[in-house]
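The values are calculated or read from the model by the stated rules, or taken from the named source; none is laboratory data. Worth saying up front: this structure is predicted, and the values here are computed from it rather than measured. Using ideal geometry, Cβ is built from the backbone for each residue, glycine included, and neighbour counts are taken over all protein chains shown. These area figures cover heavy atoms from the full protein model, side chains too; ligands, DNA and RNA do not enter into them. Shrake-Rupley method; radii C 1.70, N 1.55, O 1.52, S 1.80 Å.
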Amino acid sequence: MKLYYITSGYRRPIDILDNALIKALIASGYEIEFFLTNRRPITELIPDIKKHAPDLVITLCGPKSHLPVSIIHGIRSLGLRTAVWFVDDPYAIDNALEVAAAYDYVFTIDSGCIPYYEASGCKQVFHLPLGTDLDIFRPYAVHPSYATDVCFIGTGYKNRLETMQEMLAYIQEPIRVHLIGHFWEHVDWSQGVRPKLRSKWINFTETPRYFNGAKIVLNLHRSEDDRYLDKNRTGAPAHSINNRTFDISGCRAFQLIDYRSDLASYYEPDKEIVGFHTPKQGAELILNYLHQDGARLDIAERAYRRTINEHTFLHRIASMMSILALV
């Protein structure tokens, strides 16, 4: 099968996903051409697709990187099938719904979004979570400067700030907590343990160093109705786990995650990943597992094995192509 892949044209972190997907398509043995939308004028896209005559055109869409509907219609007018993978659902679904119905096939990373795409006129909608790139997210020894008891990497959205502040207020032991990302400096950390802050974006090469250096990696999802981006006025719910879940597990790191309803579809709770429902429960689990080295390592190992066997981008490409072969 000849495939034509159109990159999102969006910078970090979506460009990392573009790279991972292109690598997975090539490794899967497909004949592939790709169009770098941030390096070539969009006017060259349809002529280039005509030149290569693919069987399927695929694109990946981040929060604000969608192709114009006229371009999508132009591709379909060539008699080609089109597929899109929306990778910022439900947080930017308002943008996605403006273009989704123009495609033949829609893939969403969150199962809770499927009814919203169907209601907007999409005929073929499928849930396909992101995966991880094991070339980047893998276990390895790191410099002692990355060693910590608990770490979290991510932007301090409102729900994360509130959850983390309350969680750490319950912890009185002198443990090492490291928070990496924007906005964490806006929190009053006078109650409980005071975290070390690194208020900047870190790239994909440094992220796994923190995962590999931490005894416990926290994974806090964004709220589906967060107003920072404010592109889910549609009200789509968030049911699925984020791609960070797979990245952390790919590093064989022990993970504490705020529970989402789809978690058990990918990992066995308390056997492969430990979930919590409230900040207080999260704090109790941190204190419990910090003193159980063997249990942490066993759980992390099981999550790692599950990840390399089921949750890489190679697995996602196989799932996508299997779906498309049946429709």
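Out of contact with any His (no Cβ under 8 Å at 6 or more places or on another chain) and in contact (Cβ under 8 Å) with a residue 60 or more places away in the chain: does that describe residue 273? Break it down into steps so the answer makes sense when it comes.
Values: out of contact with any His (no Cβ under 8 Å at 6 or more places or on another chain): yes; in contact (Cβ under 8 Å) with a residue 60 or more places away in the chain: no.
No, not satisfied.
If the Cβ limit is 6 Å and pairs must be 6+ apart or interchain, which residue in the range 281-304 that is of a type in the set (A, V, I, L, M, F, W, C) pairs with which residue that is open to solvent by 40 Å² or more (accessible area, probe 1.4 Å)?
From residues that are of a type in the set (A, V, I, L, M, F, W, C), the pairs are 283/170; 300/252.
Do you know which of the residues in the range 58-72 that are open to solvent by 10 Å² or more (accessible area, probe 1.4 Å) and touching a residue at least 24 places away in the same chain (Cβ under 8 Å) is farthest from residue 92 (Cα to Cα)?
Here is the first cut: in the range 58-72, the ones open to solvent by 10 Å² or more (accessible area, probe 1.4 Å) are 63-71.
Remaining after also requiring touching a residue at least 24 places away in the same chain (Cβ under 8 Å): 63-69, 71.
Numbers: 63: 5, 64: 8, 65: 11, 66: 11, 67: 15, 68: 16, 69: 17, 71: 21 Å.
Residue satisfying both the conditions and the ranking: 71.
Search the range 226-252 for residues being among the aliphatic types (A, V, I, L, M), under 21 Å from residue 17 (Cα atoms) and modelled with pLDDT of 95 or more, and hand back the single one that is surrounded by the fewest Cβ atoms within 10 Å (Cβ to Cβ).
Start the filter on the range 226-252 by keeping residues that are among the aliphatic types (A, V, I, L, M), which leaves 229, 236, 238, 241, 248.
Going one step further and asking which of them are under 21 Å from residue 17 (Cα atoms), we end up with 229, 238, 241, 248.
From what is left, the residues that are modelled with pLDDT of 95 or more are 238, 241, 248.
Values: 238: 24, 241: 27, 248: 33.
Here the residue is 238.
Take the conditions surrounded by fewer than 19 Cβ atoms within 10 Å (Cβ to Cβ) and more than 30 Å from residue 172 (Cα to Cα) and apply them to residue 308. Does it pass? Steps first, answer last, please.
Details: surrounded by fewer than 19 Cβ atoms within 10 Å (Cβ to Cβ): yes; more than 30 Å from residue 172 (Cα to Cα): yes.
Yes.
Are any residues in the range 10-29 under 28 Å from residue 325 (Cβ atoms) and out of contact with any helix residue (DSSP H, G or I) (no Cβ under 8 Å at 6 or more places or on another chain), and if so, which ones?
Restricting attention to the range 10-29, the residues satisfying the condition of being under 28 Å from residue 325 (Cβ atoms) are 14, 16-29.
14, 16, 18, 19, 22, 26, 29 - these are the residues of the range 10-29 that are under 28 Å from residue 325 (Cβ atoms) and out of contact with any helix residue (DSSP H, G or I) (no Cβ under 8 Å at 6 or more places or on another chain).
Say whether the condition of being small (Gly, Ala, Ser), closer than 19 Å to residue 148 by Cβ and open to solvent by less than 30 Å² (accessible area, probe 1.4 Å) is met by at least one residue in the range 262-276. Steps first, please.
Of the residues in the range 262-276, the ones small (Gly, Ala, Ser) are 264-265, 275.
Within this subset, residues satisfying the condition of being closer than 19 Å to residue 148 by Cβ are none.
No; the residues of the range 262-276 include none that is small (Gly, Ala, Ser), closer than 19 Å to residue 148 by Cβ and open to solvent by less than 30 Å² (accessible area, probe 1.4 Å).
Mind telling me which of the residues 181, 131 ends up being among the small types (Gly, Ala, Ser) and farther than 19 Å from residue 279 by Cβ? Full working, then the answer.
Values: 181 fails: farther than 19 Å from residue 279 by Cβ.
Exactly one residue qualifies, and that residue is 131.
How many residues does the range 145-162 hold that are within 30 Å of residue 309 (Cβ to Cβ), in a loop (DSSP other than H, G, I, E, B) and open to solvent by less than 30 Å² (accessible area, probe 1.4 Å)?
1
I need the strands (runs of 3 or more DSSP E) fully contained in the range 11-120, keeping only those with at least 1 residues that are basic (Lys, Arg), more than 21 Å from the chain's Cα centre (by Cα) and under 23 Å from residue 317 (Cβ atoms).
Values: elements: 31-35, 56-61, 81-86, 105-108.
Of the strands (runs of 3 or more DSSP E) lying wholly inside the range 11-120, those with at least 1 residues that are basic (Lys, Arg), more than 21 Å from the chain's Cα centre (by Cα) and under 23 Å from residue 317 (Cβ atoms) span 81-86.
Out of the residues in the range 193-218 that are basic (Lys, Arg) and open to solvent by 60 Å² or more (accessible area, probe 1.4 Å), state the one that is farthest from residue 243 (Cα to Cα). Break it down stepwise before answering.
Applying the first criterion (basic (Lys, Arg)) to the range 193-218 yields 194, 196, 198, 200, 209, 215.
Within this subset, residues satisfying the condition of being open to solvent by 60 Å² or more (accessible area, probe 1.4 Å) are 194, 196, 200, 209, 215.
Values: 194: 28, 196: 25, 200: 20, 209: 17, 215: 20 Å.
My answer is 194.
Hey, among 142, 177, which residue is closer than 19 Å to residue 247 by Cα, touching a residue at least 12 places away in the same chain (Cβ under 8 Å) and open to solvent by less than 70 Å² (accessible area, probe 1.4 Å)?
Working: 177 fails: closer than 19 Å to residue 247 by Cα.
Going through 142, 177 in turn, just one is closer than 19 Å to residue 247 by Cα, touching a residue at least 12 places away in the same chain (Cβ under 8 Å) and open to solvent by less than 70 Å² (accessible area, probe 1.4 Å): 142.
Taking residue 256, is it closer than 30 Å to residue 170 by Cβ and in a helix (DSSP H, G or I)?
Details: closer than 30 Å to residue 170 by Cβ: yes; in a helix (DSSP H, G or I): no.
Answer is no for this residue.
From the list 116, 91, pick out the single residue that is touching a Lys or Arg at 6+ places or on another chain (Cβ under 7 Å), open to solvent by 20 Å² or more (accessible area, probe 1.4 Å) and either touching a residue at least 12 places away in the same chain (Cβ under 8 Å) or of a type in the set (Val, Ile, Thr) (or both). Walk me through how you get there before you give the answer.
Working: 116 fails: touching a Lys or Arg at 6+ places or on another chain (Cβ under 7 Å).
Unique residue meeting the criteria: 91.
When you look at residue 190, is it farther than 23 Å from residue 251 by Cβ, of a type outside the set (A, V, I, L, M) and open to solvent by 20 Å² or more (accessible area, probe 1.4 Å), yes or no? Give the steps one after another, and end with the answer.
Numbers: farther than 23 Å from residue 251 by Cβ: yes; of a type outside the set (A, V, I, L, M): yes; open to solvent by 20 Å² or more (accessible area, probe 1.4 Å): yes.
Against the criterion (farther than 23 Å from residue 251 by Cβ, of a type outside the set (A, V, I, L, M) and open to solvent by 20 Å² or more (accessible area, probe 1.4 Å)), residue 190 qualifies.
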